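Here's the structure we're looking at; comments come further down.
The values are calculated or read from the model by the stated rules, or taken from the named source; none is laboratory data. Keep in mind that what you see is a predicted model, and the values were worked out from it rather than measured. Glycine also receives a Cβ, built like all others from the backbone with ideal geometry; neighbour counts cover every protein chain displayed. Accessible surface areas use protein heavy atoms only, side chains included; no ligands, DNA or RNA. Shrake-Rupley method; radii C 1.70, N 1.55, O 1.52, S 1.80 Å.
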Amino acid sequence: MSKSERRVFLLDFEKPLYELEEKINQIRELAEEKNVDVSEQLSQLESRAEQLRQEIFSNLNPSQRLQLARHPRRPSTLDYIQAIADDWFEMHGDRGGYDDPALVGGVARLGTRPVVIMGHQKGRDTKDNVARNFGMAAPNGYRKALRLMEHADRFGMPIITFIDTPGAWAGIDAEKLGQGEAIAVNLREMFRLDVPILCTVIGEGGSGGALGIGVGDRVLMLENAVYTVATPEACAAILWKDAKKSDKAAIALKITADDLAKLQIIDGIIPEPKGAAHADPLGAAAKLKEALLFHLNTLAQLTPQERKQLRYDKFRHLGQFLETAV
């Protein structure tokens with residue numbers, strides 16, 4: 001990636017680290033050009049850069065994690081599939097005349113195990129994002145997902161879903177085609193499937209659009225992903241009539257992996273490389289694959305009935321709370 005590209009997608013809180021790394025690179029290039037030994041100075045600066053990286057990425061607030069989840073260079077569903085799976089074959093269409101590019105899926109091999117993988121797919125640039133509707137699936141996308149899940153269940157293949165969407169498409173045509181019904185059917189049908197289902201929020205998990213492929217035996221999240229009933233901007237606009245209060249909403253919504261793990265909404269957090277997934281996509285993919293294989297091996301030891309009961313109990317317990325007297 002060129003320097004200009006890096007600057008375009010540089011987040012505010014990354015700037016001090018970026019500037020220090022640029023300084024290190026400049027000193028290294030100058031030292032090589034002048035044939036001067038500055039190894040000791042470089043070592044000190046690199047230690048400082050490592051310390052700064054640790055300070056920045058270990059103290060991110062919810063709004064900053066949301067920025068990372070939406071980062072244009074963050075690995076997408078297809079990026080992860082290509083990095084972790086073999087023999088990938090994408091399947092198209094909902095058998096009703098539509099093929100939604102915002103939700104992709106197909107068959108592949110993860111390790112030695114045949115699986116069906118699907119997920120929301122955002123674009124890399126404006127043109128690609130428009131073509132994929134910014135990862136917001138239409139009803140036919142969720143019907144395509146259900147077709148693939150039924151295929152997996154028929155042939156005994158585990159289902160892996162990658163969630164990365166701001167929400168389901170809310171256009172008039174989506175409502176005409178039955179958006180709510182399509183998502184509701186997926187929720188119902190995913191509870192009855194016999195095969196293991198493993199869901200991972202890899203970026204932005206938004207509202208019913210995320211839930212449409214989010215019912216699983218295990219629900220995982222990447223460290224800097226977010227999972228929320230509504231975007232912080234929408235929440236702020238509803239509660240305070242001011243979208244600029246999204247930072248406050250992000251805190252209240254408990255959108256981070258840490259918060260959701262404490263609330264027992266998710267079952268595990270997958271750590272990301274230093275600097276987040278966009279800084280080391282292959283490293284992020286390796287950690288994701290390791291987690292998926294571990295959980296698939298665990299789930300494979302259960303009977304279909306045990307998995308369905310586990311799935312049912314998990315979602316029935318969501319939203320429970322205790323009320324204490326003050």
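Kindly provide the set of residues from the stretch 164-187 that are open to solvent by less than 20 Å² (accessible area, probe 1.4 Å) and in contact (Cβ under 8 Å) with a residue 60 or more places away in the chain, ordered by number. Correct list: ASP164, THR165, GLY167.
Restricting LYS241, LYS254 to those that are of a type outside the set (A, V, I, L, M, F, W, C) and farther than 26 Å from TYR80 by Cβ reduces the list to LYS241.
Restricting the stretch 130-151 to residues that are among the basic types (Lys, Arg) and either under 18 Å from the mean Cα position of the chain (by Cα) or open to solvent by 60 Å² or more (accessible area, probe 1.4 Å) (or both), which is farthest from TRP169 (Cα to Cα)? Filtering first and then ranking leaves ARG143. In the stretch 137-186, how many residues are polar (S, T, N, Q) and within 22 Å of ALA300 (Cα to Cα)? Number satisfying all stated conditions: 1.
Grab the strands (runs of 3 or more DSSP E) fully contained in the stretch 15-129, keeping just those with 1 or more residues being open to solvent by 90 Å² or more (accessible area, probe 1.4 Å), under 30 Å from LEU177 (Cα atoms) and not polar (S, T, N, Q). Walk me through it before giving the result.
Details: elements: 86-90, 103-110, 113-120.
In the stretch 15-129, the matching strands (runs of 3 or more DSSP E) lie at 86-90.
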